[in-house]
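Here the structure comes first, spelled out in structure tokens, and everything after it is commentary.
The values are calculated or read from the model by the stated rules, or taken from the named source; none is laboratory data. Just so it is clear, the model here is predicted, and its values are computed rather than measured. Here the Cβ positions follow ideal geometry from the backbone for every residue, glycine too, while neighbour counts run over all protein chains shown.
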């Protein structure tokens, strides 16, 4: 697998992608995006259930790619496939965030809130 690109400290790529998704949603809602030529508009035109179903499909593909990668001894080709599937999953999660008027920054804030907290303790706190 090729060396990953260096991530930017300010998450520019994530913000740019979220901005594109939000802009496509706004265009779709304004009647300015054709679902026959824009994949994002197509997803928004199908509504919540289709967007959420796509996340489920991408999650299943991610699981299978991870299992294939482990079975193949973490070969670079299989690692690249896993990265690609996770990218697909994240993309569709961005679409869902936009559909529900949220942003990746909301998820990052939640992860930061949980930082340094035991996963077991954090999960137990959610039950109360």
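Worth pointing out:
- The single condition among (1) closer than 26 Å to residue 49 by Cα; (2) surrounded by 17 or more Cβ atoms within 10 Å (Cβ to Cβ); (3) free of Cβ contacts under 8 Å to residues at least 24 places away in the same chain that residue 106 does not meet is (2).
- Among residues of segment 78-99 being out of contact with any helix residue (DSSP H, G or I) (no Cβ under 8 Å at 6 or more places or on another chain) and under 27 Å from residue 49 (Cβ atoms), the one that is surrounded by the fewest Cβ atoms within 10 Å (Cβ to Cβ) is 87.
- Residue match in segment 56-75 (condition: under 23 Å from residue 22 (Cβ atoms), part of a helix (DSSP H, G or I) and under 11 Å from the mean Cα position of the chain (by Cα)): yes
- Residue 24 vs. criteria in a helix (DSSP H, G or I), in contact with a helix residue (DSSP H, G or I) (Cβ under 9 Å, 6 or more places away or on another chain) and exposed (fewer than 12 other Cβ atoms within 10 Å of the Cβ): no
- Test: residue in segment 30-41 that is part of a helix (DSSP H, G or I), out of contact with any helix residue (DSSP H, G or I) (no Cβ under 7 Å at 6 or more places or on another chain), modelled with pLDDT of 95 or more and over 19 Å from residue 86 (Cα atoms): no
- In segment 112-128, the residues that are farther than 27 Å from residue 49 by Cβ and part of a helix (DSSP H, G or I): 112, 113, 114, 119, 120, 121, 122, 123, 124, 125, 127
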